[in-house]
Every structure is written in C-alpha cells, then in structure tokens.
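Read the structure below first, then the notes.
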Amino acid sequence: MKINLRNFLTSALTGAAVVVASSFANAADTIKIGEINHFKRLAAFAVPYKKGMELAIEQVNAAGGLLGKPLEVIYRDDQGKPGEAVKIAEELVTRDGAVMLTGSIFSHVGLAISSYAAEKKVLYLASEPLADGLTWAKGNKYTYRLRSSTYMQASMLAEVAAKSDAKTFATIAPNYAYGKDAVAAFKKALLKLKPDAKFVAEQWPALFKIDAGAEAQAIERAKPDAIYNVTFGGDLAKFVREGTTRGLFDGREVFGLLTGEPEYLEPLKDEAPVGWNVTGYPWYDFTDGPSKAFVDDYQAKHGESPKLGSLVGYMTIQSVAAAIKKAGSTDTEALVSAFKGLELASPVGNIKYREQDNQSTMGAYVGKIGLKDGSGVVVDWSYKNGGDYTLSDEEVKSLRPASN
Amino acid sequence: MELFLAQFITGLANAATLFLVASGLSLIFGVTRIVNFAHGSLYMLGAYFGYTFMQILPGGFGFWTSIFLAGLAVGVVGIIVEMLVLRPVYRAPELFQLVATFGVILVIQDLALFVFGADDVLGPRAPGLKGVVRILGEPVPLYDLALIAITPFFLFSLWYLMAKTRVGILVRAATQDREMVGALGVNQAWLFTGVFFLGSFLAGLGGAIQLPKGGADLLMDFNILAAIFVVVVIGGMGSLPGAYIAAVIISVLNVFGVTYLPQSTLVLMFVVMGVVLMVKPYGLFGREETAGEHGQVGEPERPIKPAGKTVRLLVAGLLVVLAFVPVFGTSFSQTLIADILIFCLFAASLHFMLGLGGLVSFGHAVFFGGGAYVAALFVTYSDTPMEVAFLLAPVGAAMGAVIIGWLCLRLTGVYFAMLTLAFAQLVWSLVYQWGEVTGGDDGLVNIWPSDWLNSTTPYYYFTLVFAIGGILFLRHVAHSPFGYALRASRDSARQAEATGINTKRVQLFAITLVGAMAGLSGALFVFSKGSIFPTELEVGRSFDALIVIFLGGVKTLSGAVVGAASLEYVKDIITRFEYWRLTLGLLIIFVVILAPEGIVGTLRKTLERIGWMRAEGETK
C-alpha cells in the first residue's frame, strides 16, 4: 500500500513535471509533427522506430532546423485503437499545433487516420502501415506512404519464387487483412510469371495465437514443393521451431515475407532458418555510402544496432524535412503539393513519392538467410527498388477513387 | 490414420500449458470468487522469469529447476498482488475485485516492458528433448511427449492436495461456505493468500513450460486470456478435472480445426463454449450456482429514489455548462467531451442491465460495436443517408439483443456473463474474418456525417442531445413500474413471479432496451470517428464499461456516468506520459482500495458522515 502510494505520487509528480516542461518547450517557436504509434504493446518495432526518428531530428536541428525553426515531434500512443488514434490526431492538430501527422504500424489505425486526414484536410504520412488499400482503393489526396507496400514486397519474393523449380506452393499467413493481402499479392504476382504454379494448401493461424505444431502437420500433409510464409514476431519463432523440429523445411524452398527483418530474425539466434528466401535489412553488410553512414550514426547515438523500424523512423523524418523545405511553408496544401513527386536522398538511396498513388519507391533488401557467429543474417542480398514492383499505372488509376 | 494420431498427440501436448494456467484460474475463482483478469499477466511473467533463469542455470537440471523457480517467483508476485491489492477489497461488492485485477494488468504490462525490454525472446529448447520420435512414421517432438506425461502428474498432485490433505479440505470447505470456515477458527485471510499463491504458481509454471515451444513477448497476457476463461467455463468453474478435460477438448479440436477449417480457428473455441453451455449450463463438472449462495458482500443495496432538488439543480447547471462549451472551449475540448458523453451512454446502458437487472455481461461491446457496424454497413453498401443509418443502428442492436438475450437468459450469475462473452466473441470473429463484407480488421472507413453536421460544433450538440437524452431516458425508465419489476426480478425471482411479474420477459425486455441504447452510443461513435473497426467489438471494450461502472459505484444510479466521465478524462491526461499504463493501473488500484463502494458510493457516505446529506433511514 505504502509502496503503491509512493510509486503513484512519484509518477504523478513526474507527469506534472513533464507537462510543465513541455508547455515551456511549446512556448519556443518550433515546427511540430504529430506522431501516433503503438509504442507500448508492439514495442519490438515501435521503440527502434522512435530511436530512428530521434536521430533524424537531431541531425535536422543540428543543421539549423527547417525554415529557421527547430523541428519537434510529439509522440502519442494510439493504444492499438483506431478510434483513439482519430481523437489523438484531432488533438495534435487543433490543440498542439502539429503541421502534419506521421506514424502508425497497424494498418487499421493507418486507415482510420487516413480517412480523418482526407475529411479534415490534414496531411498524413503513413510511415509503416502496409495495407495496399492505403494508397490504392482507399487512397486520398492527403495521405502518403513511405514504406514499400504489401504488393511490392510480395512481388519481389514472387520473382525469386518464379525462378525456383517449385511447382506446388503452400501458404501460411496470419488470419487478418495484412496476411490475406500478402497471400493474394504473392499469388497474383507469381501466377503472372509462372502460370503453371499450383497452390495446394492455405493455412491461416490467428494472429499471435498460432498453433505451430498443428500448422506444420497440416502443411506437411499437402506435400508442397515450396512454402510461402507471412508469419512474424512470436508466431514466426514458434513456426520455425516446430517446423524445424518436424523436418518441415527439409528439401523445400521457403519464401518468407518480413522474415529477414532484424526485429524478427534476431530473436531466433542460431535457429534462424538457413536458406529461406526473405525480405530483410542487412545493416551489418554495408561498407560505405549513406546506408553505412546511417548505421554508424545510429550506433553512435543509441549504442545498439539498427532494426528495420529504425530505418523507417529515420526516413519518415527525412521525408517530412524534405517536404517542408520544398514547400517553403508549413501550410497543408503547400505540403501536399510538395509531397507530390517529392524526391530525396535516404540511407537506401534516392526515393520518390510517386504522383500516381502517393506511394514512395522505398524498396526492400531481398536475399537468403544464413548464419554468422551464431545468429541469423541475410546473405546474397540485393536491394530492389519498390517502384519496379508495383501495378501498372492504368491498374493503379482504376483502383484509386476518381476524386483524388 | 498416422496423421490423425500425430495430430491428437499435438493437441494433447498443447493442452499442457492451457491446463496449468487455467487450473490456477479455476482454483482462485473456486475459493475466493475472484474473477482474476490478471491471470494472463502472471502467465506472461512466468515465461519471462523462466527465460531469465534458464540463461543462468545450464543443462537439463537447470532447465527444469528454472521452470520450477519461475513458478515460485510468480507465486510470490501473486502473494504480493493478493495482499496489497485484493485483501483490502474482499468486502466490496461482488466482482469489484475484477477492476482491481485490471489495474494489475496495466501495472505488470509496463513493468515487464521496463524490466525485460521490448524485444521478443525465443525460449531455449529443452536439453535432452530436442529431437523427434517417429510414431507410425509421423515425427513427434520429444518435448511434446514430455508435456503429455507431465500434465497428469500435476492433475494428480493437485487432486491429492485438494482431496486428501487438511489444507485441501479447508480450501474445499471455503469454496462451499466461507463464513462457516471462518467461524470454525480457520484464518481465512491466509487461506486465500495460499490459494492465490498456488494459482499464480501454476500460471507461472504454464508460462515457463511453454518456452521450448515458443518464447516470451509482451502480448502473451491478453492472448491467452480468452482461452483460459473458455477452459474454466467449459470444465465447470472450480473443477480441476473439468479444466483438464476442457483443455484437452479445446486443444485437440483446435489442431483438427487448423487442418480442416483453417480459417475458423478464432471462432471455434467460442462455438464449443456456446454449445457446451447450452447443453450443460454449468460446465462439464460444475455445480449449479444458486443465487446468493456466496452471500451478497458489502452493505445491502439501498432502494433508489428520484433525485432530490439539489441534485436536479446540479445536473441542470452542468447541462448549461456543457451547452456553452463551444462558446468558450476549444475545438478539441468539444471532441473530448463528445467522446466522454458517448462512453457515458455506453456505460449507463450496461449499468441498467448490471446494476438494476443484476445481469452481469462480459460482452457488452457487441451492442456498441454492433450498432456502429449496422450504421456503417448501411452507409457503405446502400448509400443510406446518415440520418437514416443513425436511427437504424439502435434498431439493429436491439434486434441482436433480443436474440442474444433470449439465448443467454437460460443461465445466471457468472455463467450468464461468460455466455454473453461467448456471443460477443462470436460476432467479433465473424466481423473480423468476413472481410468481403466488413473489411475485416481493415474496417469500414469514410463514414462521416451529413454536411449540416459535419464539423465539430454541430456534431458536439448532436452528441449532447442524444447521449444525455439516452442517459436521462434510462434513468426515467429505472423509476418506472418496469424499472421496479426489473429490480424485483433481480432481488428475488420467486417473490417477483408470485406477484405476477414474468421475470424472464422483463429481463429480456431490459436487455433489448439496453442493446438499443448501446447501439445508439455506437452510432454516435462511428460518425464522430468516420470509421469503424473490429476493435470496438473486442473484449477490451466490454471491460472498459465494466470497469467504470464499478469505479463509479455499481449500487448507485449515477455511478456509471460519473465513473465513465472520470476515467475517460483521467485517461486523456495520463496517456501523454511515457509510463501511462503504470500510472493508470496504480490509479485504478488506488481508487479501488480507497473507495470500495465506487466514487459515487463513497462520496455519498462521506457527505452523510459530515452531515451534508441525509443519511439512509432518516425521515423528514
């Protein structure tokens, strides 16, 4: 009881101090960005993401800020609830004076903010949410997306799969919108390149509730030549563990979306599934150029290696800074037109926010999983430009609502 | 055939963790009557502790020792929770402890993030049990066989402890009649603490023992919660063999579901639970819960009466202030107050059912989200004007309420609550997985109000009228003959029937009304946010309403509204901080301990004590 009381008082006082401190900070003339993300429950992604943002902000401000003012980001936790995110968005814009919104990892939260942005005419840069709908079927003038879409990443893997000897495929993906999109995109892209490919089994474990032993048995029953895997996080770890134990991956090609990302590969340590074809982020292999510079700066500032989330967070701020510079103002309409066709240099090279669908051309690293010093790494990788793996302009046009 | 057997073995192995965790929950509930929502958190801690110990202790001996130590460590956490948080509130109204355990969840979430870090960890393989054996040619992991062998050992040990030892006899006696055990000179407080230790120990053990098949991450607590509640309910609350059989049934069915109905895995568990409760209302090995068996704790409820002059003036004054918010407040304060009002109506609707009707629902979100989806689906698919869709929402929710109410009213007490949860989860999984129509978890977007309403201030007034109107309407009904009949049905179904009240029909009508009001709040919500997602149908949404009712004071008429307004407002402030969950959790626990009758109940008592309000029983 006493301990509780003391803890409570401490946190209450700290809280009060934060409020006071931040209201002083607000008094200074800064350009504010409202960042909404799931910092608590998906911390494995969101914490490195935030650290990436912090590094970029430091660099922008060290170089004199934007339009003569320092850049400031207000971080808010969306609690995983889209409704809450919309409320926070409103507050960031009307009360805190944020000039634009960024963030979100969940697709549904991203879609809710995007709908809000279009209705209230606020600019939203969706940094991470992958849903294809965000820039296509549900796209709008005020929403841009940084990270390569589900379709882009799935097509990159489909290209690799088309070159393999595999004829029959089994898929395993979490049973929610992202998983379904990822399987549909892979099928579409693969059948385009390899019309005789057959899909012999589809497994749909509930997100983060996988019954990995049973899934492995069910896939084994279909005896496919290859497996397409979309599971990630704890589900991936369990699937790899049970599948390896039962010999599911022996003699089979496996194509793993997201599997090579340090967020999901590092926890597997020496059990990383060697030989899988994956998309990932091989930060350890960079020797020069902007990709290496980012890794060095990040390690110097945070004392740990970057994750893919770190890169996305960093590039989010880079994009915002480039847009504000190009617009020469923080007015929403000026920023919206600045983002159209915006080009900038980033750790992965030059990227562009496409005019067709407000999607950036940020790509992904595609390679195979190998082992180095007892931990999983992506080897034989190459960087694929996202812009080369999207639908044709006509298809994009037919998908996007005409009014935008 | 080979595959069939292999699948059966996999199911049995999966049942091990589920049984250990669920048996702990069942034990705690059986003896202390506490619905411990923090049980999933204890399981998560077990996994993290186990992983940490295994890093230090090597080898086969170290592995099993680590699992045992993890159980002990979590048991100690359980003791701390019981002594600091729950002991002060045993005398509070039934189910009030549920709110306290919710505070514990929040605290543990943030502490786990702080102590163990953000990264997911993969558990080590069990030394000596890394390989597979071939059974009829199918590979079966050795560790699975070890799990299958261990579980009956635990079941037997627990059974022996309960059936053959003195402690077990006392525990069982306490399950039957707490007061009598106390009267016989047994220190009940320590008995409860001991049971909490054992229950937490089992949860920790379950968390640690699954490490070779998984690992530890920060989502584990909520991910197992639904499953263990389902197991406890199917098995019969408080029954250990029941928990074992239910764990096996759920696990084995799930394995076959994965193969033959790969898309159904979410809903399967709840279908099983629904079916079992329809056939055997008290679970496979449960006993019928007779009303009032465990005694109504706390002081008896006061009869409600219409608000006095002072209160009416206060409310009128508050309404005037609310009406002028757009004049002097900011645009965001209108949004915030509108959100709070919507939540207040939602909470008030649950309170009508729970407080006045004695019908505890764990799935109230089904009406809120259901109403919201009715409106959103009409707007999306038939271009229904917003005004019409808005009115169709409560109608749709009420229609759903008739069906759900009719099916659930066969049960009472905690079993009724669990059946409502099962139906809510059914609807949730339907909406979540029927992507072609509902958009799945990508939801339905661009559901904005008509032009005349589509800016902050008009929508604020719109919300004000409907939310306050709904709350006042519910209040009015509470004082009508129907309200009296509902309370009579709650307090004594037999006497109510004798005076000619058809209690079941009264209760069904109450649920329908409540469904309509919750649907109305859902409609207000969907047009204020412009989108709707399955999260609004989730268990968390239902718990939100439960928590504020208890925080506000379940035995008062205004408790729900006051609780909802306070918590939403406090949340809005607290969520800005880095460790907001810790702060919010501690705040909830703090309120629970200081004000066991809820905010309104405690306030009323305090005012009476210092003489500002007339105490109960005084006449003019």
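The values are calculated or read from the model by the stated rules, or taken from the named source; none is laboratory data. All figures in this text were calculated on a predicted structure; none of them were measured in a lab. Here the Cβ positions follow ideal geometry from the backbone for every residue, glycine too, while neighbour counts run over all protein chains shown. In case anyone asks, the SASA skips ligands and DNA or RNA and just uses the protein heavy atoms, side chains included. Shrake-Rupley method; radii C 1.70, N 1.55, O 1.52, S 1.80 Å.
Packing-based ranking of A:212-219, A:193-200 yields A:212-219, A:193-200, ordered from highest to lowest mean Cβ neighbour count within 10 Å.
Taking every residue in A:196-206, how many Cβ atoms of other protein chains lie within 10 Å of its Cβ, on average? Partner Cβ neighbours, averaged per residue: 3. Can you give me the angle between helix B:220-235 and the longest principal axis of chain B, using Cα atoms only, in degrees from 0 to 90, rounded to the nearest 10? Value to nearest ten degrees: 90. Which values of log₁₀ I(q)/I(0), to two decimal places, follow from the Debye formula for segment B:453-544 at q = 0.22 Å⁻¹ with a uniform point scatterer at every Cα? For segment B:453-544 at q = 0.22 Å⁻¹, log10 I(q)/I(0) is -1.08. Packing, as the average of other Cβ atoms within 10 Å across residues, places the peptides A:369-375, A:139-145 in the order A:139-145, A:369-375, highest first.
Axis angle, to the nearest 10 degrees, between helix B:598-609 and the longest C-alpha principal axis of chain B: 60 degrees. The convex hull drawn around the Cα atoms of segment A:90-129, when projected onto a plane and averaged over every direction, covers 2.4 nm². Taking Cα atoms only, the orientation of helix B:2-32 departs from the longest principal axis of chain B by about 60 degrees.
Pairs A:167/B:213; A:269/B:130; A:301/A:340: which are spaced more than 23 Å apart, C-alpha to C-alpha? Over 23 Å Cα-Cα: A:167/B:213; A:301/A:340.
Here, segment A:100-235 is characterised by an Rg to Rh ratio of 1.05, where Rg is the alpha-carbon radius of gyration and Rh the Kirkwood radius.
Proximity of backbone amide H atoms, modeled 1.01 Å from N, is registered between residue A:73 and A:33 at under 5 Å, excluding neighbours fewer than 5 places apart on the same chain.
For the chain pair A and B, the buried solvent-accessible surface (1.4 Å probe, both sides summed) amounts to about 6800 Å². In this simple spin-label model, placing a label point 7 Å from the Cα along the Cα-to-Cβ direction at both residue A:373 and residue B:115 gives a separation of 3.1 nm.
Solvent-accessible surface of the protein assembly as shown, taken per residue with a 1.4 Å probe and all protein chains present: 37 Å². Considering all different alpha carbon pairs of segment B:124-171, the Kirkwood hydrodynamic radius works out to 12.9 Å. Note on chain A: with a GNM built from Cα contacts shorter than 10 Å, the maximum mean-square fluctuation among A:322, A:189, A:206 falls on A:206. One decimal place: the segment residue A:352-residue A:222 gains 42.6 nm when fully extended, by the rule 0.36 nm per residue minus the C-alpha distance. The share of Cα pairs per 5 Å bin across segment B:83-169, counted from zero up to the longest distance, runs 3, 10, 9, 9, 9, 15, 19, 13, 8, 4, 2, 0 percent. Computed from label points 7 Å out along Cα-Cβ, the spacing between residue B:569 and residue B:606 is 1.4 nm. Given a 1.4 angstrom probe, I'd like the percentage of the accessible area of segment A:272-380 that is carbon and sulfur, rounded to a whole number. Ligands and nucleic acids excluded, carbon and sulfur give 48 percent.
For segment B:524-620, the list of chymotrypsin sites (Phe, Trp or Tyr not before Pro) that fall in a loop by DSSP and count at most 11 other C-beta atoms within 10 angstrom reads B:612. Only helices reaching 15 angstrom along their own axis (Cα) with mean Kyte-Doolittle hydropathy no lower than 0.0 count here, and for the DSSP H runs of chain A these are A:2-27, A:43-62, A:82-94, A:107-120, A:150-163, A:177-193, A:308-327. From its DSSP helices (H runs of at least four residues, each -39,500 (n - 2.57)), the protein assembly as shown gives a residue-normalised ellipticity at 222 nm of -20000 deg cm²/dmol.
Any chance you could tell me what percent of the C-alpha pair distances in segment B:56-215 go past 18 Å? Of all Cα-Cα distances in segment B:56-215, 70 percent exceed 18 Å. For segment A:192-332, place one equal point scatterer on every Cα, skip the solvent, and apply the Debye formula. What is log10 of I(q)/I(0) at q = 0.15, 0.16, 0.21 Å⁻¹? Here log10 of I(q) over I(0) equals -0.85, -0.91, -1.23.
Please report the base-10 log of the normalised intensity I(q)/I(0) for segment B:242-383, using a Debye sum with one equal scatterer per alpha carbon and no solvent, at each q in 0.16 (1/Å). Relative scattering, expressed as log10 I(q)/I(0), comes to -1.15. The calculated Kirkwood hydrodynamic radius for the protein assembly as shown is 29.8 Å, given to one decimal from all distinct C-alpha pairs. Within segment B:153-220, the ratio Rg/Rh, alpha carbon atoms throughout and Rh by Kirkwood, equals 1.12.
Dipole check for chain A: with +1 at the C-beta of Lys and Arg, -1 at the C-beta of Asp and Glu, and the Cα centre as origin, the magnitude is about 640 Debye. Packing-based ranking of B:101-110, A:146-155 yields A:146-155, B:101-110, ordered from highest to lowest mean Cβ neighbour count within 10 Å. Sort out for me the Cα centre separation of segment B:1-65 from segment A:280-342, rounded to whole Å. Each part's Cα centre sits 43 Å from the other's. What is the ratio of the Cα radius of gyration of segment B:200-261 to 2.2 N^0.38 Å, where N is its residue count, to two decimals? After normalising by residue count via 2.2 N^0.38 Å, the value is 1.20.
Among beta bridges identified by DSSP and lying wholly in chain A, the antiparallel ones come to about 35 percent. Each distinct pair of alpha carbons in segment A:344-404 adds a 1/r term; the inverse of their mean, the Kirkwood radius, is 13.9 Å.
Here the gap between residue B:314 and residue B:271, fully extended at 0.36 nm per residue and compared with their Cα-Cα distance, gives a gain of 10.7 nm. Here the alpha carbons of segment A:49-154 define both size measures, Rg and Dmax, at 14.2, 42 Å. Label zone (residue A:304, point 7 Å along Cα-to-C-beta; backbone nitrogen cut-off 13 Å) within segment B:93-132: B:113-121. Per-residue mean of other chain beta-carbon atoms within 10 angstrom of the beta-carbon, peptide B:571-577? The mean count of partner-chain Cβ atoms within 10 Å per residue comes to 5. For segment B:45-120, the alpha-carbon radius of gyration amounts to 1.34 times the rule-of-thumb value 2.2 N^0.38 Å expected for a compact globular protein.
P(r) for chain A, from all Cα pairs and a bin width of 10 Å, is 5, 22, 31, 24, 13, 4, 1, 0 %, short bins first. Both radii are taken from the alpha-carbon atoms of segment A:273-343; with Rh as the Kirkwood radius, Rg/Rh is 1.12. First obtain the Kirkwood hydrodynamic radius of chain B from its Cα pairs, then insert it into the Stokes-Einstein equation at 4 °C and 1.567 mPa s, and state the resulting D in µm² per second as a whole number. Once the numbers are plugged in, D ends up at 50 µm²/s.
Simple spin-label estimate for residue B:384 and residue B:79 gives 5.8 nm between the two label positions (7 Å along the Cα-to-Cβ direction from each Cα). For the residues of A:75-82, the average number of beta carbons from a partner chain within 10 Å of their own beta carbon is 5.
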